[in-house]
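The values are calculated or read from the model by the stated rules, or taken from the named source; none is laboratory data. Predicted model only: the values in this text are computed from it and were never measured. Glycine also receives a Cβ, built like all others from the backbone with ideal geometry; neighbour counts cover every protein chain displayed. Calculation scope for accessible area: heavy atoms of the full protein, side chains included, ligands and nucleic acids excluded. Shrake-Rupley method; radii C 1.70, N 1.55, O 1.52, S 1.80 Å.
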Amino acid sequence: MTFTLSNCKPALTGVVSLLLASFNLNAQTIIPVETANNAMVLQVAKNKDLGIVYFGKKLNNQQEYIQIQSQYKQPEDYTNQLNSAYTSSGSRNLVEPAISVTHADGNNSLDLKYVSHDLKKISDDVSLLTVLMKDPVYNFEVTLYYKAYYKNDVVEQWSVISNHEKGTVTLQKFASANLHIQAKSFYLTQYHGDWAKEMQPEESKITHGIKTLDTKLGTRANLFQPSVFMVSLDKPATEDEGSVLYGGLEWSGNFRTDLELDPQDNLRIISGINNYASPYALKPGLALTTPAFWYTFSDHGKGDASRKLQSWARNYKILDGKGSRLTLLNNWESTYFDFNETKLAELLKDTKKLGVDLFLLDDGWFANKYPRNSDHTGLGDWEENKQKLPNGIASLVKEAQNNEVKFGIWVEPEMVSPKSELYEKHPDWVIKQPKREEYYYRNQLVLDLANPKVQDFVYSILDNLFTKNPSLAYIKWDCNAVIYNAYSAHLGKDQSHFYVEYVQGLYKVLERIRAKYPTVPMMLCSGGGGRVDYAALQYFTEFWPSDNTDPLERIFMQWEYSYFYPAITSSNHVTDWGRQPIKYRTDVAMMGKLGFDIVVSKLNSRDLQFCQDAIKTYNSIKPIIWQGDQYRLANPREGSIASVLYLDEAKSSGVMFNYLVNNRYDEKSRLPILLKGLDAGKKYTVKEINLYPDAKSRIDGSKTFTGDFLMKIGFNPDVNSNRTSVVLKIDEIK
Ligand code: GLA
C-alpha cells in the first residue's frame, strides 16, 4: 500500500523542519510533534476529534505514522475518544477527562473539535505548536500548546481555556496536558515523603483504573508527594536500558496527575492543577492559562532521560542555569535562634577562614515586640531585632565586606506567627477560617497571597532588604507551613479560586522581585524539599532538598532528585547530622552546590585543614559538577556502593564520587565500577582527590587507561570501611 502526501504544509528550514510539520493523508490531518529522537503524533479524525495516534521513538518517514494504528488489534474503543489529545466530558467520553465544565445554563457537556493549528519556530532548537479546539454547540475554546525542545527531547504542554459564551462557565477540571501511550505494560515510579524523608521512591506496575498523584497542601505542596514521576514502558527501565517517560507539573501548589490504564490497556496521563476545592469560574471573554506539564522520553533508560532533562533545565528553566553559584557558611544549626552581633562577627571571620564565598544568616534576626527567639513568634515582623542586632543588617553586611565575604539572609515572607505585630494589624491577611479554631503547622500561619495587598507586603520585605543593603548577595526563601483552614478574607464569598490565586499571587511577587533584582541568587526552601518544581526554579537559582543532611540519607535522596534536577540546583550543606567523618560529609555535599552549616571554631585543626582544602578542590571541579553530564554508576539501593560520575561535555575531565553505604562486616567495592560516557579512544588518568590531610591514596594516579577499558572493565575506587568515601578525578591525557 502506498501513501501519497497531499496538502503538505511547506517544510521549515533547519532543525525544526524535522520537528513539526503537518500533512493530510486520506483527509486525516497528521500533526507530529517531533524532537531529536521522539514523536508524539496527533491526528485529526474525519469528525474533527483530535487524537494521539503515536507516542514513542520517532520514525524516519513521517508518512508512516498514519499506518501505526492499523497494527494494533486492541479491544474496540466505543467512542474513539480514549486516545483524545484533550479529553472533554459530558458528551461521548466515558473516561477520566482533562476538562470538565458547567456552562452558564447549567449544562455539563463539552465536545472539543479541531479547528486549526499553527507552528512557530522560536529558535533553532525550540518550536511551539498550537492547536485550536472548539465546541460546536457552545462558544467555548481550548488552545493546546506543545513547546518542543528538539535537542533535549523535552516537550512542555499546556492549555489556554477561553470562554466566549455570554455567561460564566465553571471549570470543574482544567488540566494542562493529556497523553496517551501504547505499550505491553507500564511501570510507575512515584515519590512520597515527609519532613526529612523527601523523595522516597516506589515502583509499581500500573493496573487498570486510575492512579492519582496529587497534593492538597496548598503551600509546601511536595511535603507528602512531589509531582515528578516516571513511567517505564514494557518493563521497568534501568539506568541504561528501557523506554521511560519522566514528567512533572510546573506549578508550586496543588497538582493532580491521573494515570489511567484504560479498557484498551493503553495508558492515559492527565496532569494539571488539582481541581480539589477549586471549581474555576471563568467569566465571559476571559481565558485561563494552565501551567505547563513537562515531559521527556528516552528509549535508552533513566540515565539518558535525566541527562537530557538536566541539560534542558540548565539551558531553559533554572534562573542562571549556566551561571555560577556561591559556596557558603550557614549559621542555622550552629546557633539556631541564639546569636548576637558578637557571635555573628566571629562567624563572619570563620566564613573567611573556611574559604567559602558567603555567610548566610538564617532564622531569628527579626521582630521586636514578639522577638523571633523560637519558632513560635515574630514571623511577619521583618525589622531587625534590636537586642540581637542593635546596628542592624547593614553593619553585618559591612562586617562581611571587611572579611571579604558576601552576605546573605533567610526570610520566610509568606508566613505569619500568631504572635506578631503583623497578625495584630492585619488579621484579614491571614489564611484562617473566620469561625473556626486556628490550627498551626510549625506554630505559624500562611499569609493570603491571593490578596494584592499581601503581595505588595511580601514584595516589600525583599525590596526593603535590598534597598537598605544593596550588596546583599543571597536570599534563602523559606516556606515552612502548609495551608490549613483554607479561607481568604479577600476573596470573601467566592473561595473557589483560592488555591489557584495563591500560587498566581506568589508568582506575581517573584516576577516583580526578578524584574528589579534579576540575578541575585535565591534558594528555594520549604522546610527542606517541600517545594521544588520547574515553575519556581525560573525564579530561584537553587533549592534545599531536605533538612536531613545526614550524608548517608543524602546519598539516597540526592540520587532520586538527580533524575529530575541538575546538580547545580541542589544546595548541599555539610552539617553535624549523621555519624560519618567530615570527609564523607563534605564529599556528599560536593555533589551539588556546596555549603557548610557547622561550628568552624570547633573543628579540630585537621578537619579544618581538610575543609579548607576541600573548598579549593571544589572550586576547581565545580564547573564539571554543575554543567557536566551526570552518570549514576552504582545504585545505593542495589548494593553496598554508591557511585556517581560527572563528566564535562568534551569527555576529557570527570569527577567520580564513590561511597560505602553499608557498614556490615567486610563490605567494600569488590568489583570494578563501570564508567560511562567516556570516549573509548581517549586515554585517561584516574587520581584520587579530596584526601584527608596526610592520608595516602591507595590509587596509583600515574597509571593510564583507555576510555574503552574504563567503560568495559571499569575501575575499582577501593572503597572499604577504612576508605568509606573516595573521590576520583578523571583526566584525558592529551
Ligand atoms: C526550615 C529550613 C531550615 C531553617 C529553618 C529556620 O526548617 O528548612 O534550613 O532555615 O527553617 O527556621
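With respect to Asn572, determine if the residue is more than 29 Å from Gly707 (Cα to Cα) and at pLDDT below 95.
No; evaluated as a whole, the condition is false for this residue.
For the range 442-456, name all the residues that are touching a residue at least 60 places away in the same chain (Cβ under 8 Å) and not basic (Lys, Arg).
Correct list: Asn443, Gln444, Val446, Leu447, Leu449.
What residue, of Glu165, Glu203, Glu156, is free of Cβ contacts under 8 Å to residues at least 60 places away in the same chain and either part of a loop (DSSP other than H, G, I, E, B) or over 22 Å from Val95 (Cβ atoms) (or both)?
Going through Glu165, Glu203, Glu156 in turn, the sole match is Glu203.
Is it true that Phe556 is part of a loop (DSSP other than H, G, I, E, B), more than 21 Å from Leu326 (Cβ to Cβ), away from the ligand (no atom under 16 Å from the Cβ) and of a type in the set (Phe, Trp, Tyr)?
Here the answer is no, as Phe556 does not meet what is asked.
Among the numbered criteria (1) out of contact with any Cys (no Cβ under 8 Å at 6 or more places or on another chain); (2) of a type in the set (A, V, I, L, M, F, W, C); (3) crowded, with 20+ Cβ neighbours inside 10 Å, which single criterion is violated by Leu354?
Every condition holds for Leu354 apart from (1).
Scanning the range 462-485 for residues that are open to solvent by 30 Å² or more (accessible area, probe 1.4 Å) and in a loop (DSSP other than H, G, I, E, B), which turns out farthest from the ligand (Cβ to nearest atom)?
Ranking the candidates gives Pro470 first.
Select from the range 593-627 the residues that are without any contact (Cβ under 8 Å) to a residue 40 or more places away in the chain and small (Gly, Ala, Ser) and list them in ascending order.
Correct list: Ser605, Ser620.
Every residue, every condition in (1) open to solvent by 40 Å² or more (accessible area, probe 1.4 Å); (2) outside any strand (DSSP E or B), yes or no:
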| position | (1), (2) |
| --- | --- |
| Tyr646 | no, no |
| Leu671 | yes, yes |
| Leu675 | no, yes |
| Pro717 | no, yes |
| Lys734 | yes, yes |
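Quick check on this structure: which one of Tyr665, Tyr659 is within 23 Å of Pro581 (Cβ to Cβ), out of contact with any Gly (no Cβ under 9 Å at 6 or more places or on another chain), of a type in the set (Ser, Thr, Tyr) and crowded, with 16+ Cβ neighbours inside 10 Å?
Tyr659
Does Ser562 fit the bill of being polar (S, T, N, Q), touching a residue at least 60 places away in the same chain (Cβ under 8 Å) and at negative phi?
yes
Can you name the number of the only condition in (1) part of a helix (DSSP H, G or I); (2) small (Gly, Ala, Ser); (3) surrounded by 22 or more Cβ atoms within 10 Å (Cβ to Cβ) that Gly595 fails?
Looking at each condition in turn, Gly595 falls short on (1).
Among the residues of the range 498-520, is there at least one that is outside any helix (DSSP H, G or I) and among the small types (Gly, Ala, Ser)?
Within the range 498-520 (the criterion being outside any helix (DSSP H, G or I) and among the small types (Gly, Ala, Ser)), the answer is no, since none of the residues qualifies.
Just give me the residues in the range 437-456 being more than 16 Å from the ligand (Cβ to nearest atom) and either crowded, with 17+ Cβ neighbours inside 10 Å or basic (Lys, Arg) (or both), in sequence order.
Leu447, Asp448, Leu449, Ala450, Asn451, Lys453, Val454, Gln455
What are the pairs with Cβ atoms under 6 angstrom where one residue, in the range 398-416, is over 18 Å from Arg325 (Cα atoms) and in contact (Cβ under 8 Å) with a residue 12 or more places away in the chain and the other, located anywhere, is of a type in the set (Ser, Thr, Tyr) and more than 16 Å from the ligand (Cβ to nearest atom)? Sequence gap at least six, or different chains.
The qualifying pairs are Val416/Tyr423.
Please pick out the residue among Tyr459, Tyr370 that is touching a residue at least 24 places away in the same chain (Cβ under 8 Å), open to solvent by 40 Å² or more (accessible area, probe 1.4 Å) and either within 29 Å of Pro518 (Cα to Cα) or not charged (D, E, K, R) (or both).
Tyr370
Kindly list, by first and then second residue, each pair from a residue in the range 80-91 that is in the same structural domain as Gln264 (by TED's automatic domain parsing) to a residue that is among the polar types (S, T, N, Q) and buried (at least 23 other Cβ atoms within 10 Å of the Cβ), limited to pairs with Cβ atoms under 7 Å and residues at least 6 apart or on different chains.
Listed pairs, sorted by first residue: Gln81/Thr87; Ser84/Asn178; Ala85/Asn178; Tyr86/Ser159; Tyr86/Asn178; Thr87/Asn178.
Report yes if Asp708 is over 25 Å from Asp357 (Cα atoms), open to solvent by 40 Å² or more (accessible area, probe 1.4 Å), in contact (Cβ under 8 Å) with a residue 40 or more places away in the chain and out of contact with any Phe, Trp or Tyr (no Cβ under 7 Å at 6 or more places or on another chain), otherwise no.
no
When Thr212 is evaluated against the numbered criteria (1) more than 25 Å from Lys302 (Cα to Cα); (2) surrounded by fewer than 20 Cβ atoms within 10 Å (Cβ to Cβ); (3) under 20 Å from the mean Cα position of the chain (by Cα), which criterion, by number, is the only one it fails?
Exception for Thr212: condition (1).
Here are some residues: Pro518, Pro566, Pro545, Pro581. Which one is open to solvent by less than 10 Å² (accessible area, probe 1.4 Å) and away from the ligand (no atom under 16 Å from the Cβ)?
Pro566
Based on this model, can you work out whether Gly301 counts as open to solvent by 10 Å² or more (accessible area, probe 1.4 Å), more than 16 Å from the ligand (Cβ to nearest atom) and at positive phi?
When the stated conditions are applied, Gly301 does not pass them.
Can you name every residue in the range 103-141 that is surrounded by fewer than 20 Cβ atoms within 10 Å (Cβ to Cβ), assigned to a strand (DSSP E or B) and of a type in the set (S, T, N, Q)?
Residues satisfying the conditions are Ser116, Thr130.
Of the conditions (1) over 24 Å from Ser562 (Cβ atoms); (2) among the small types (Gly, Ala, Ser); (3) touching a Ser or Thr at 6+ places or on another chain (Cβ under 7 Å), Ala695 satisfies every one except a single condition; which number is it?
(3)
Could you tell me which residue of the range 598-616 is nearest to the chain's Cα centre (by Cα), considering only residues that are of a type in the set (Val, Ile, Thr) and either open to solvent by 40 Å² or more (accessible area, probe 1.4 Å) or farther than 19 Å from Leu552 by Cβ (or both)?
The residue in question is Ile615.
Being within 16 Å of the ligand (Cβ to nearest atom) and more than 27 Å from Val33 (Cα to Cα) is true for just one of Thr342, Thr335. Which residue is that?
Thr335
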